[in-house]
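Laboratory data are not the source of any read-out in this text; all were calculated from the coordinates shown. Computed from a prediction, not measured in an experiment: that's the story for all the values here. When we count neighbours, we look across all protein chains shown, and the Cβ atoms used for this are built from the backbone with ideal geometry, even at glycine.
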Amino acid sequence: MTPRAISHDEDTYPSPEQFNPERWTKDDKLDTDMRDTTAIFGFGRRICPGRFVANSMMFLTIVTILAAFDIGKSDGEDEPKVEYTSAIQ
């Protein structure tokens with residue numbers, strides 16, 4: 001079974017095509033009972049050799065963003081108009 005098929009299994013992940021970060025939480029906390037959270041990296045002999053590098057890079061990216069920017073909830077006033085793209089620029 002391919003990682004794509006596993007990550008799009010509707011029995012495990014309801015509405016797999018929809019972006020839904022809440023699927024990983026339960027009662028506003030990380031759901032530690034969620035199965036197959038690392039299934040995207042594969043299994044057994046064919047598991048991704050770069051999985052640890054990918055996890056480390058995600059950690060470093062998030063930590064760098066949190067350290068460099070003041071992130072907070074908007075008060076709703078004078079919000080700039082933002083245009084989103086599907087690529088990193």
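Numbers for the structure displayed
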{"quantity": "Karplus (6.51, -1.76, 1.60) ³J(HN,Hα), θ = phi - 60°, over the range 5-18, in Hz, Gly and Pro reported as x", "calculated": "5, 5, 6, 10, 6, 5, 5, 8, 10, x, 6, x, 7, 9"}
{"quantity": "Amide H partners (placed H, <5 Å) of Asp31, local residues excluded", "calculated": "Thr25, Lys26"}
{"quantity": "Amide H contacts under 5 Å for Tyr13, placed H, 5+ residues apart", "calculated": "none"}
{"quantity": "Relative contact order of the chain, defined on C-alpha pairs under 8 angstrom at six or more residues apart (%)", "calculated": "21 percent"}
{"quantity": "Cleavage-rule hits, GluC sites (Glu not before Pro), the chain, DSSP coil, Cβ neighbours within 10 Å at most 13", "calculated": "Glu10, Glu17, Glu77, Glu83"}
{"quantity": "Extreme residue, positive dipole direction of the range 1-83, given options His8, Cys48, Leu66 (C-beta unit charges)", "calculated": "Cys48"}
{"quantity": "Nearest-ten-degree value, helix 51-68 long axis tilted from longest Cα axis of the chain", "calculated": "10 degrees"}
{"quantity": "Neighbour count of at most 14 Cβ within 10 Å plus DSSP loop: longest chymotrypsin sites (Phe, Trp or Tyr not before Pro)-free window in the chain", "calculated": "44-68"}
{"quantity": "Which label in (1) 1.70; (2) 1.41; (3) 1.14 gives the computed Cα Rg over 2.2 N^0.38 Å", "calculated": "(2)"}
{"quantity": "Net charge dipole size for the range 3-68 [Lys, Arg +1 and Asp, Glu -1 on Cβ; Debye, nearest 20]", "calculated": "480 debye"}
{"quantity": "Sparse-neighbourhood loop sites, trypsin sites (Lys or Arg not before Pro) in the range 1-88 - DSSP loop, at most 13 other Cβ within 10 angstrom", "calculated": "Arg35, Lys73, Lys81"}
